[in-house]
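The values are calculated or read from the model by the stated rules, or taken from the named source; none is laboratory data. Bear in mind the structure is a predicted one, so any value in this text is a computation, not a measurement. We place every Cβ from the backbone using ideal geometry, glycine too, and count neighbours over all the protein chains shown.
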Amino acid sequence: MTDSTASFVPSYYLYYDSPVKVVGTPDGGARLWRLSADDGAWKERNDLFVDVVLAVGGDVFTIDVSRFVQEVEWYRARYLSGEGPIFALYETVDAIVAVAEGERRRLTPAEQAMVHGIRRKTFVMFEEELQRAGHPGADPTLARQPGDAQSGA
């Protein structure tokens, strides 16, 4: 990785509310991946590199990896629908949030921890599915924390 690339790789952003990540390449370069609202996969969008990394002309926010994982899963849950364990977990998060909203209160610390943990889990599950399908932008390791098992969060 070149010195100029090393200063911002990896990095995580919200670009007009869409999660974006910049990751290094084996040759020392960088790739920019934007989350697709169509299928929840990563689309290579190097054409956005200057706009995102230099925050040119708009709604761009740098975020840490933990918040990035949460934003990705909020985005997927909002824009995607389907069946199976990932979508059941999205519904669980929605139910937790709906109860708090119905009671006109913030999530309790226990609820926040539950939502955060579920989203970490769904991130790993979704990214592992993307990897199995051959999507090069998938990286389930972003949601893993020290002490997690290798096969999941």
### Task
Report yes if some residue within the stretch 109-124 is under 12 Å from the mean Cα position of the chain (by Cα) and among the aliphatic types (A, V, I, L, M); otherwise report no.
yes
### Query
Wholly within the stretch 1-117, which strands (runs of 3 or more DSSP E) include no fewer than the required count, namely at least 2 residues that are touching a helix residue (DSSP H, G or I) at 6+ places or on another chain (Cβ under 9 Å) and not small (Gly, Ala, Ser)?
11-15, 18-24, 30-35, 60-63
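Which residues, counting only those in the stretch 9-26, are under 21 Å from Thr141 (Cα atoms) and among the charged types (D, E, K, R)?
Result: Lys21, single match.
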### Query
Of all residues in the stretch 41-71, how many are touching an Asp or Glu at 6+ places or on another chain (Cβ under 9 Å), within 21 Å of Ala143 (Cβ to Cβ) and not charged (D, E, K, R)?
2
#### Entry: Failed criterion for Val60 (all others in (1) surrounded by 15 or more Cβ atoms within 10 Å (Cβ to Cβ); (2) among the hydrophobic types (A, V, I, L, M, F, W, C); (3) farther than 14 Å from Val22 by Cα hold)
(3)
#### Entry: Residues within the stretch 1-24 that are modelled with pLDDT under 95, in contact with a strand residue (DSSP E or B) (Cβ under 6 Å, 6 or more places away or on another chain) and hydroxyl-bearing (Ser, Thr, Tyr), tallied
1
#### Entry: Candidates Ser36, Ser7, Ser81 - the one that is of a type in the set (S, T, N, Q) and under 12 Å from the mean Cα position of the chain (by Cα)
Ser36
### Task
Tell me which residues, restricted to the stretch 94-141, are hydrophobic (A, V, I, L, M, F, W, C) and under 30 Å from Thr25 (Cβ atoms).
Phe123, Val124, Met125, Phe126, Leu130, Ala133, Ala138
### Task
Go through (1) among the β-branched types (Val, Ile, Thr); (2) touching a strand residue (DSSP E or B) at 6+ places or on another chain (Cβ under 7 Å); (3) surrounded by fewer than 17 Cβ atoms within 10 Å (Cβ to Cβ) one by one and return the number of the condition Val52 breaks.
(3)
### Query
Looking at the stretch 133-153, which of the residues that are at pLDDT 70 or above and assigned to a loop (DSSP other than H, G, I, E, B) is surrounded by the fewest Cβ atoms within 10 Å (Cβ to Cβ)?
Gly134
